[in-house]
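Report on one structure; see the data block that follows.
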Amino acid sequence: MALHGYATDRDDETMPRGADQDALLRRLADLALLPASLVSPQERSVLDTILASLAMRFEPAMRKRIAERLAPQADAPRELAMVLALDDIGIAMPLLAEGQTLKAGDLVHVAREGSPAHRMALAARKDLTSDIADELIDVGDAGLICRLLENRTAELSLRAVETLAGRSAAEPELLAPLLARPELTLRLAHRIFWWAPSPLRLEILTRFTAERRHIHNVLDEILSGDFAADPALEAALSVVRRPTPADKGRLHALLANASADGIGALAEGLARAVRLRTETMFRILNDTGGEPLSVFAKAAGLNRKEFGDLIVAAVDLRKGAVPGKSDLERMGELFDTISTDRADFALHCWDVGLANETLAAGFAGEA
């Protein structure tokens, strides 16, 4: 019998019933809820089917009591449990929160067919599996997803985390709980960096950058080779190469002529100085938050004065608002505290990430 057929008798709740009918329904429920050792599997299956079709003839208070009795039983009548799991949320709650007899596919169905309240209850369920979480993410709003992200026992798939990283650009309330998830990868953390507020940007730069001393010690000899013939390999290796200080003479010339040459020429010149894509450097110069400029300056080996000159040139060229005192202090503190190696690592994570996004967009455009 199809599940949607179990709820067709809701209107019968208002029909008068005799004491015999009530007694029969209660006796059926008692039989179905007996321990498995007292009822054969075949008899339990028969009772389950009957009760699932008659569930809506029980008064709401009785349906709630049945749901509470079903919830802790792993071998409880499954079809009846499914009907009650889609009942009013006050009745369904015990089954959604801890119902042992419902399988992952059953809960996916509830996530798809239930009400927003049903989905909220599922989002807080202990040990929620990734297939149920995927369904909640596909159909849920930001409030539901924040509750899911705050459920530290829920399991998230990589696809789900990737989806939420993209959605966080338009739904900023997802950023903080997403950043707290252990499933968030380094690649996705540096992707959301660009639309994260300053406190979360600093957290990303702290948690998702690394000193690469061991990698350098092991790979230096190999990394000294020329891999320019393979751009994809060269881009990937840029994340593990030793930082290369910028040519100071060339850098001073670029900053001195920035006003005349324009932001495009400055971006191209600075990108070439530290082996970045021009598009990445252009994004750094145009970012109004200032953290990317601090990271670039440290990775390029600039001193405080040269960093100040770079800020002035970037603000002038993008014709944006002049950073306030607190902004400059925040940028300066990041410049002082982040190591050259971590700054270089972040810089090339952004570069590779932007290259991959551009490539993916190109493939999407061809499809």
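Summary table
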read-out	value
Segment residue 240-residue 337, length gained on full extension (0.36 nm per residue, minus Cα span)	32.8 nm
Region 144-214: translational diffusion in µm²/s, Stokes-Einstein, Kirkwood Rh over Cα pairs, 20 °C, 1.002 mPa s	172
Virtual spin-label span in nm between residue 329 and residue 260, 7 Å along Cα→Cβ	3.8
On Cα atoms only, tilt of 158-167 relative to the major axis of the chain in degrees	70
Too-long pairs where the Cα-Cα distance tops 18 Å, listed order kept, from 248/305; 305/325; 248/298; 64/126	64/126
Rule-of-thumb Rg ratio for region 254-318 [Cα; 2.2 N^0.38 Å; N residues]	0.96
Spherically averaged projected area in nm², based on the convex hull that wraps the Cα atoms of region 225-337	7.4
13 Å Cα-Cα reach of residue 103 towards aspartates and glutamates, excluding residues that sit fewer than 8 places from it in its own chain	75, 79, 127, 131
Helix axis angle, 340-366 relative to the chain longest principal axis, alpha carbon, degrees	60
Cα-based Rg / Dmax (Å) for region 73-167	12.6, 41
Projected-area mean, region 117-236, by convex hull of Cα positions, square nanometres	9.5
Distance in nm between pseudo-label sites at residue 187 and residue 213 (7 Å out along the Cβ direction from Cα)	2.9
Entry for Rg and Dmax of the Cα atoms in Å (calculated from the structure that is shown) out of (i) 29.8, 98; (ii) 26.7, 93; (iii) 31.7, 94	(i)
Fraction of accessible area attributable to carbon and sulfur, the chain (%, probe 1.4 Å)	57
Rg to Rh quotient for region 199-280, alpha carbon positions, Kirkwood Rh	1.04
Accessible area per residue in Å² at 1.4 Å probe, computed on the chain	49
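The values are calculated or read from the model by the stated rules, or taken from the named source; none is laboratory data. Just so you know, these numbers come straight off a predicted model, no measurement behind them. Neighbour counts are summed over all protein chains in view; Cβ atoms, including those assigned to glycine, are modelled from backbone coordinates with ideal geometry. Accessible surface areas use protein heavy atoms only, side chains included; no ligands, DNA or RNA. Shrake-Rupley method; radii C 1.70, N 1.55, O 1.52, S 1.80 Å.
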